[in-house]
Amino acid sequence: MNKYLPILFPLLIIFAGLALRIPYLEEIRHTPEFKYPLYDPEYNAYWAKGLATDDWTVPSGVRDPEIRTTPHGRPPGYPWFLFLIYRLFGVSDTAPRIVQMLLGLVNALLLYSLGKRIFGAGTGFLAGLMMALYWVFPYYEGLLTYPALAIFLLLCLFHCLRSWLRQERFWSLALSGILLGAFALLRPNGLLLLPLLLLWILLISLRKKVPLRRLCFSLVLPPVCCIAAVAPAFIRDYVVARDLVFISSYGGINLYVGNHPNASLVEPRIPELMTWAGVDNWSCFDYPAIVRGLAAQQGLESMRFSEANRYFYRAALHFITERPGLFFANLIRKMLLFWGPVEITNDTVPAWDKYFSRILHPLPGFPWFFALFLLGTVCLLVDKEKPRKQTANDLLLFLWLTIPVYCLSVVLYFVAGRYRVPVIPMVLLFGAYGIGALARSYRAKHYKKALALTVLLILFFMLSHWHMPGYEASEATWHLRHALACSRSGMPETAEASYLKALEKGADSAVVYANLGRIHVQRGDREGGMALYRRGLEEHPDNAILHNNLGYELYREGKREEAQQHYLRAIEKNPRLALVRINLGHLLAEEGNREEALAQYEEALRLEPQDCAALYNCARLYFESGRTTEAIRLYRRVVSLRPDWAEALNNLGYCYATVGQITEALHCYERAVSADPSYTLAWNNLGNARLAMGDEEGAHSAYAAALKERNDDIYALHNLARLFEKQGHQEEAASYCEKVLAIAPDYVPALELLKKLKQTAEQPE
């Protein structure tokens, strides 16, 4: 039987992993979050899709994160990985999940192999089996985020170090440095493992009395390879943005979030950050707005990402040095949260996702495995049965030290459930050893020891279920996020029910009323929507979003004065909200107050330089004011951000035509009709451009295309009349003029052309 175990154990691990992951994948495929992820997963998908397709159209409801023109905000490793999947399998919602779940199975096998080499096949099998069945792994594999890839890189790193211990070849150290660098592209805090790695190499080399030259090379090679692995990130940042940022510019703000007098330790809800961003709860999409808000607060016109990063580092360090007692108290609290029984909410609410999942709900949580980990740790300290081979002992030391070092690298910032996932495989490995030690005690009839270990396990299990007071996974937050995903996926009834449930569970009523009102308006119930906005303002009279939304509906009803009052109140309460300035600009422009309208559009553009609505409306008013060159500049920015915006392409073409650049105009019109074949105005302009270039056949084709889309289009009919008149086909021209006048009897150009045609016909030959 034993000879079949090397085959049987991996097969059982794979089977167990598939038995969990296949039904779970099928379950999440039918959730709105599968197709419409939120927050960081949405950001990752947007980034990867942009790289794969060059389509950087911003998802509805979020700001442009300006990824193409700014240094990396978030670490680029996972979006790059997702980009590779999209290039191989196309932009798909399912493919990344399948790849990550397969990677999860590979990770379980890698842990089995590692445990087998250190503790034996039985312990390795238990560790691999627990990893295959622990719900956290398939859960994060089902999200567009990094844990599966991070675990893979760490486990590969451990296997490389084992290879170096056995053979002492430099390629193992070089690959270890590359793997650590790749891990840092996912989690920059992982670079704290590099000093640990160098110290470990030094200790082992000194024990083996390695020659000095070889020792120096062994110590230099990993950091050099690590830097080489992360180099593409900061080289790209310098080339694209002329800004020196190492991997990510989020380090400072994340340190500040976790080290602040009012820090929650788990959420980035800091008042000044939200004020600078002009939002109630900022996300990664809002980081450029935070930088601009910080610049404005500092009295600067602009600020580089690297400068903002340094500012936040200094602010965090100031807090640490000024209030060291609170810093260390928070550090202890964050450690307790890190090892606590609750999966800390960040982008998702894992605890409630598990609760509402048929597949994951029955599975044991972290306390079970943490209790086993503590037991395994005790057993390793007191058992005489230590691993026999020195290589196993050396590798075990590195694994053991990795856990507290990585934990420290996280709690220096703030805690989230997915942040601890990379170290859970080591937790499972030690836990598997604890199970084995307990089983061996009973099998060897060492009942006193077995009883002691059992009692210890019970105590550890009770301890692992204790969690720090003050933090609970919010069911209200879960319902809010579910409602938002339902709303985006075209499920308004389900979204409404979730919003009401969130309100019942204590969610921020301003957010709920704003979103509920929007749902009512979208289904045609404007009065109901406005009533909800007003109800929200009764409870939150200073909420800018509610004022803006109510103002917009009043504007649509023609109550402009009242709408303007709400817009101005929104600006008063949140001067950095670009949307309300755009809406106010629309109102002022329709009233003929172009100067003030333009001022609002320009202010919106200053707040959000990549906001397409602000760019478009600024360009429109620039053109109407005769500032055609400036209009062209802004329209070009619009179409670079939204290449399929037909109206912007058409307007850009018209601007080009106005200044005599017919070739450029022709190109824009062609792109406009390609983006929207039903856009008759663009077809007409395309025909005019072709006619200006002497292409009468092409002009006729464009006008005919416009008529095909709309047979009563007076512009296309008139343009055909002009074309036939130019070609000398007087009767056809007159016929088309009469068609125009049958639709619009007062259309002056057609009246004048028909009069001209009649005069020509009356002249003697």
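The values are calculated or read from the model by the stated rules, or taken from the named source; none is laboratory data. Since this is a predicted model, take the numbers as computed values, not measurements. So basically every Cβ, Gly included, is an ideal-geometry build from the backbone, and we count neighbours across all protein chains shown.
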Could you tell me which numbered condition L197 fails, if it satisfies all but one of (1) touching a helix residue (DSSP H, G or I) at 6+ places or on another chain (Cβ under 7 Å); (2) assigned to a helix (DSSP H, G or I); (3) over 21 Å from P404 (Cα atoms); (4) not charged (D, E, K, R)? (3)
For the stretch 305-352, give me the residue count where each residue is under 25 Å from R418 (Cβ atoms) and not in a helix (DSSP H, G or I). 11
Among the listed residues A277, A233, A263, identify the single one that is on the phi < 0 side of the Ramachandran plot and either assigned by TED's automatic domain parsing to the domain that holds V62 or acidic (D, E) (or both). A233
When you look at M468, is it within 30 Å of E267 (Cα to Cα) and over 36 Å from the mean Cα position of the chain (by Cα), yes or no? no
Can you find even one residue in the stretch 590-602 that is touching a residue at least 40 places away in the same chain (Cβ under 8 Å), of a type in the set (D, E, K, R) and not assigned by TED's automatic domain parsing to the domain that holds G278? no
Return the residue satisfying two criteria in turn: it lies in the stretch 451-483 and is in contact with a helix residue (DSSP H, G or I) (Cβ under 7 Å, 6 or more places away or on another chain) and among the aliphatic types (A, V, I, L, M), and of such residues it is farthest from F369 (Cα to Cα). A483
Need pairs with beta-carbon distance below 8 Å; first residue farther than 15 Å from S248 by Cβ and within the stretch 220-234, second of a type in the set (V, I, T) and in a helix (DSSP H, G or I); sequence gap 6+ or separate chains. P222/I201; C225/I178; C226/I178; A228/I178
Count of residues meeting criterion [more than 24 Å from I582 (Cα to Cα) and among the β-branched types (V, I, T)] in the stretch 494-553: 1
Which residue, of L681, L691, L720, L652, is within 48 Å of the chain's Cα centre (by Cα), buried (at least 22 other Cβ atoms within 10 Å of the Cβ) and either farther than 28 Å from V639 by Cα or touching a residue at least 12 places away in the same chain (Cβ under 8 Å) (or both)? L652
Within the stretch 578-625, take every residue that is crowded, with 24+ Cβ neighbours inside 10 Å and more than 26 Å from G653 (Cα to Cα) and give me the one that is nearest to the chain's Cα centre (by Cα). V580
Scan of the stretch 12-34 for residues that are loosely packed, with under 13 Cβ neighbours inside 10 Å and at pLDDT below 95, ordered by number: H30
Can you name every one of the helices (runs of 4 or more DSSP H) wholly within the stretch 478-567 that holds 1 or more residues which are crowded, with 22+ Cβ neighbours inside 10 Å and touching a residue at least 60 places away in the same chain (Cβ under 8 Å)? 509-522, 544-556
When the residues of the stretch 273-312 are filtered to those that are surrounded by fewer than 17 Cβ atoms within 10 Å (Cβ to Cβ) and within 30 Å of P37 (Cβ to Cβ), which remaining residue is modelled with the highest pLDDT? T275
